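The values are calculated or read from the model by the stated rules, or taken from the named source; none is laboratory data. Note that this is a predicted model, so its numbers are computed, not measured. Positions of Cβ are generated from backbone atoms using ideal geometry, with glycine treated the same way; all protein chains shown enter the neighbour counts. Only protein heavy atoms, including side chains, enter the accessible area calculation; ligands, DNA and RNA are left aside. Shrake-Rupley method; radii C 1.70, N 1.55, O 1.52, S 1.80 Å.
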Amino acid sequence: MNTNNQTSLTPIEVCTLIAHEAVSMLDTVQTEMPDCMKGFRTALEALHTVHGLGNDGETLLAWLDMEIASAEKFVADGTNLPNLIDTCQLDTVPDAVTQMGLVWTLFSTAAREECAPEQRQALLNTARSVTEMCGLDDLLLTTLRPNTAKLADGLHTELDDVHAAFQAGQKLSGPQDGPCL
């Protein structure tokens, strides 16, 4: 799986991190959907298509679609549906080097001929949003030990949990008390 000297995320790990950050953001929805959700979805789909992520990519897209639908239902009528999985279990924030690798993956994907202009813009906006959410600017000003391997392990565990929840036919489960702190 991952070794302690892993220095960059694979495309599926990048997609899992984007899906995780999007679902975490959806947990905070109160009165309206965040503007960036459509872009996150488009970026995830572009990465899935360009990098040929197969079943894992399809699973992440299905997870995000389900969580978006749940958040839209909450905005529309106040019905609070549980998350598919507990997103609080991923406790590692990507370090600055890992986030720069994520940005590079998004930018290099956007530069590919297969990407339409809308996908390119979504990838750029997603890079901006995820690095803001993960605090890249703060990390660049401090010295932290690289944590890519630990983060990658957590992302693989989260993707495995999403697969298992869908395979078990589990409609929804998880905490109902709001976002992780």
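Computed over neighbours whose Cβ is under 10 Å from that of Val23, the net charge equals -4, Lys and Arg +1, Asp and Glu -1. Only alpha carbons enter this Debye calculation for the stretch 1-131, each as an equal point scatterer, and the log10 of I(q)/I(0) it gives at q = 0.09 Å⁻¹ is -0.26.
Counted residue by residue at 0.36 nm each, then reduced by the alpha carbon distance between them, the extension gain from Glu132 to Trp104 reaches 8.5 nm.
Here Thr49 and Cys88 are evaluated by their C-beta separation; at R0 = 35 Å the FRET efficiency comes out at 0.70.
Ala168 to Ala76: extension gain in nm, 0.36 nm per residue of separation minus the Cα-Cα distance? Once the chain is fully extended between Ala168 and Ala76, it gains 30.3 nm.
Tell me, what % of the accessible area of the chain is carbon and sulfur with a 1.4 angstrom probe? The partial results should precede the final answer.
Values: 4940 of 9310 Å².
So the carbon and sulfur contribution to the accessible surface is 53 percent.
In percent, rounded to a whole number, the relative contact order of the chain is 37, using alpha-carbon pairs under 8 Å and six or more apart. In this simple spin-label approximation, Val97 and Asp35 carry label points 7 Å from Cα along the Cα→Cβ vector, and these lie 3.5 nm apart.
Over all distinct Cα pairs, what is the inverse of the mean 1/r for the stretch 27-79, reported as the Kirkwood hydrodynamic radius in Å? Can you show the working numbers first?
Values: mean 1/r = 0.0843 Å⁻¹.
It is 11.9 Å.
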